[in-house]
1. For a quick check, take a GNM of the chain with Cα springs below 10 Å and name the residue from Pro103, Pro87, Pro20 with the largest mean-square fluctuation.
2. Compare Tyr63, Tyr151 by solvent-accessible area with a 1.4 Å probe and give them largest first, with all protein chains kept in place.
3. Which residue fluctuates most in the GNM of the chain (Cα springs below 10 Å): Gly46, Gly104, Gly68?
4. By its C-alpha gyration tensor, with a ≥ b ≥ c as the square roots of the eigenvalues, how is the chain shaped: rounded for a/c under 1.5, else prolate for a/b larger than b/c, else oblate?
5. How would you classify the stretch 7-98 from its alpha-carbon gyration tensor, with a ≥ b ≥ c the square roots of the eigenvalues: rounded for a/c under 1.5, else prolate if a/b is greater than b/c, otherwise oblate?
6. With the radius of gyration and the Kirkwood radius both derived from the Cα set of the stretch 26-75, what is their ratio Rg to Rh?
7. What number, rounded to the nearest 500 deg cm²/dmol, is the helix-based mean residue ellipticity at 222 nm of the chain, given -39500 (n - 2.57) per DSSP H run of at least four residues and division by all its residues?
8. Taking Cα pairs under 8 Å and at least six residues apart, what relative contact order does the stretch 69-163 come out at, in percent?
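The values are calculated or read from the model by the stated rules, or taken from the named source; none is laboratory data. Quick caveat, the model's predicted, so the values are computed rather than measured. Note: areas computed on protein heavy atoms with side chains; ligands, DNA, RNA excluded. Shrake-Rupley method; radii C 1.70, N 1.55, O 1.52, S 1.80 Å.
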Amino acid sequence: MAVRPIRIMGDPVLHAPASPVEEVTDEIRTLVADMFETMDAAPGVGLAAPQVGVPLRVFTYSYTDDDGAPWRGVVINPVLWIAPLEPGAPDEDSESEGCLSFPGERFPLRRSERALVTGTDLDGAAVRIEVDGWRARILQHEFDHLDGVLYIDRLSDADWKTVQKIARKRGWGRPGQSWMPGVDDIEA
């Protein structure tokens with residue numbers, strides 16, 4: 001297992017739909033193990049394969065709830081269903097999220113309160129995850145990555161302008177940029 005560099009917002013792999021995984025091979029198993037290690041080192045609650053430069057429909061997730069219960073896994077070739085969004089502006093305190101591909105920042109974003117994801121695991125077994133709240137947010141965020149969408153692409157116009165200023169200041173937005181969890185110090 002190895003920590004992999006995480007691609008930053010301007011990398012083309014982050015802005016293109018990922019391809020389905022045709023077969024779970026040793027290379028896919030290694031990728032998933034590396035993704036868990038990278039996600040934990042970052043630290044993050046989810047990581048999609050395109051974020052480590054691999055254009056495949058795979059994501060990992062890891063979250064510990066308020067009661068200390070762990071929730072961790074991988075979904076290969078996921079399909080997502082969500083409940084309709086509640087109307088209105090997102091709450092800055094309870095609906096802000098961040099992204100390892102735009103590190104050090106958080107912005108409010110309205111997401112569905114409920115989500116259902118189906119797919120398979122590394123053994124080819126069916127996966128069905130039906131969750132609400134923060135876990136639903138995680139699944140939606142990671143699924144977006146597989147369609148070439150970053151959460152910053154969904155922000156309000158005012159927040160999008162702030163994102164652009166931050167990206168210019170940090171020299172982001174160009175292909176090939178990445179950061180190494182546990183090695184690079186990301187400016188917040």
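1. Highest fluctuation of the listed residues: Pro87.
2. Accessible-area ranking of Tyr63, Tyr151, largest first: Tyr63, Tyr151.
3. For the chain, modelled as a Gaussian network with Cα springs under 10 Å, the answer is Gly68.
4. Cα axes put the chain in the oblate bin.
5. Prolate, since a/c reaches 1.5 and a/b exceeds b/c.
6. Looking at the stretch 26-75, the ratio lands at 1.00.
7. Value at 222 nm, helices only: -7500 deg cm²/dmol.
8. For the stretch 69-163, the relative contact order is 26 percent.
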